[in-house]
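The values are calculated or read from the model by the stated rules, or taken from the named source; none is laboratory data. Here the structure is a predicted model, which is why all the values come from computation and not from measurement. Positions of Cβ are generated from backbone atoms using ideal geometry, with glycine treated the same way; all protein chains shown enter the neighbour counts.
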Amino acid sequence: LYYSKAWELLERSYEVKRILVMRHLSLIVNLPALEKETTSGLTKLTDDVQQHLASLATMNVSVGPEMVVYLLESKLSKQTLNKWESSLEKGIDSVIQVRSLTFRTFISHEFVRAILQR
């Protein structure tokens with residue numbers, strides 16, 4: 001009796017984890033794309049992604065930097081994406097770890113620039 005109850009609880013906890021993982025991944029993929037280049041939009045986008053990635057990390061699920069950069073690029077406004085693409089040095093953008101770090105640096109610079117233009 002105790003064994004079957006323990007097994008049921010164990011199965012339920014794994015099912016809940018699977019659902020939570022799928023939910024966080026879905027929320028990242030379905031974040032709205034930015035139509036305009038705004039500080040608040042960039043802040044919300046990066047905050048939302050970081051929140052979901054942190055939640056996934058607590059469940060020992062990692063999302064590679066390649067996927068994070070790809071997803072974030074797809075959410076940028078056309079203007080910001082063009083700036084991002086032109087900021088990449090030839091040859092370096094193929095190194096994903098560097099690209100991920102460069103992306104974070106680029107977004108940080110865009111925050112500062114947008115704030116200063118207010």
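Of note:
- When every residue of region 34-45 is checked against the conditions, at least one turns out to be in contact (Cβ under 8 Å) with a residue 60 or more places away in the chain and outside any helix (DSSP H, G or I).
- Flag if residue 20 is over 15 Å from residue 71 (Cβ atoms), among the aliphatic types (A, V, I, L, M) and in contact (Cβ under 8 Å) with a residue 24 or more places away in the chain: yes
- Qualifying residue in region 17-24 (condition: within 19 Å of the chain's Cα centre (by Cα), surrounded by fewer than 12 Cβ atoms within 10 Å (Cβ to Cβ), at pLDDT 85 or above and within 28 Å of residue 105 (Cβ to Cβ)): no
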